[in-house]
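Here's the structure we're looking at; comments come further down.
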Amino acid sequence: MRTLLAALLLTGAQTQAPLSVAVERLDGRDWWSLEAKDVPVEKLLRSIAREGGLELEGLGRIQGNTLVHASLTRRPLDQVLQYVLGSAGARAELRRGVISLYPDGLGDVARDELLLSAAAEWVSVTSRYPAHVEAPDAFLAQGEIAELRGLEGAARGHYQAVIEAFPDSDAVNDALMRSGRILKRQSNWVEAALHFRDLANRAEGVEYHATAR
């Protein structure tokens, strides 16, 4: 059994790419997914632009060598950019196929207002369509926004909602990983280990096994 698990972990570690970006069109809207593991933000932005047939403007205005670690599933592009660029102290504007980049001149209050607005949109989605196929991702998005606002308890609550309400969803893998990382940051080693163990035991989450280990 240990040999099999070790083989699975090794396979996941060997095949997992440091960067992947994908866009799919559902219900007339583009939804973006990405995996980035310590990837320079400039490289990530170029991949997004290439995948979406978009132009980049203003790369020289941001810190392009800032490393990004992100795992996002089916998000609108504006939220993907907000999440990715937040770590680089930058922001983006989307206009007619062009992503324009700027240093983030927003104050803490303005930034928090934007995050609150985004959170309110996702709350509306989960309230109106609690059983929709995208509901697990909506809860994940609420958790991500809560993390950006420094509300780790609230973030874990959203992730736990995914784990408990949608046990068969692929989103559970993200929820377990993100919740486990929060617990690890809080030095709650026992609970963190339980989350990572549950993640490693999910066959459909083989791509997470190396990290969960």
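The values are calculated or read from the model by the stated rules, or taken from the named source; none is laboratory data. Bear in mind the structure is a predicted one, so any value in this text is a computation, not a measurement. Cβ: placed from backbone, ideal geometry, glycine included. Neighbour counts: every protein chain shown.
For this structure, a couple of remarks:
- Those residues of the range 169-204 which are outside any helix (DSSP H, G or I), closer than 15 Å to Phe139 by Cα and not small (Gly, Ala, Ser), in sequence order: Asp170
- Every test in (1) over 15 Å from Val80 (Cβ atoms); (2) free of Cβ contacts under 8 Å to residues at least 40 places away in the same chain; (3) not hydrophobic (A, V, I, L, M, F, W, C) is passed by Glu51 save one, and that test is (1).
- Index of the failed condition, Arg156 passing every other in (1) over 22 Å from Leu81 (Cα atoms); (2) at pLDDT 85 or above; (3) in contact with a Leu (Cβ under 7 Å, 6 or more places away or on another chain): (3)
- Among the residues of the range 133-168, the ones that are closer than 15 Å to Leu72 by Cα and either part of a loop (DSSP other than H, G, I, E, B) or in contact (Cβ under 8 Å) with a residue 40 or more places away in the chain (or both) come to 6 in all.
- Strands (runs of 3 or more DSSP E) fully within the range 39-106 counting 1 or more residues that are under 29 Å from Pro136 (Cα atoms) and at pLDDT 85 or above: 67-75, 90-95, 98-103
- Residues that are in contact with a helix residue (DSSP H, G or I) (Cβ under 8 Å, 6 or more places away or on another chain) and closer than 19 Å to Asp104 by Cα, drawn from the range 43-62: Leu44, Leu45, Leu56, Leu59, Ile62
- Within the range 164-198, if we keep just the residues that are of a type in the set (A, V, I, L, M, F, W, C) and under 18 Å from Arg149 (Cα atoms), the residue that is surrounded by the most Cβ atoms within 10 Å (Cβ to Cβ) turns out to be Ala175.
- Of all residues in the range 56-71, those satisfying the criterion of being over 9 Å from Leu101 (Cβ atoms) and β-branched (Val, Ile, Thr) are Thr66, Val68.
- Residue, surrounded by the fewest Cβ atoms within 10 Å (Cβ to Cβ), within the range 38-60, restricted to residues that are in contact with a strand residue (DSSP E or B) (Cβ under 6 Å, 6 or more places away or on another chain) and charged (D, E, K, R): Asp38
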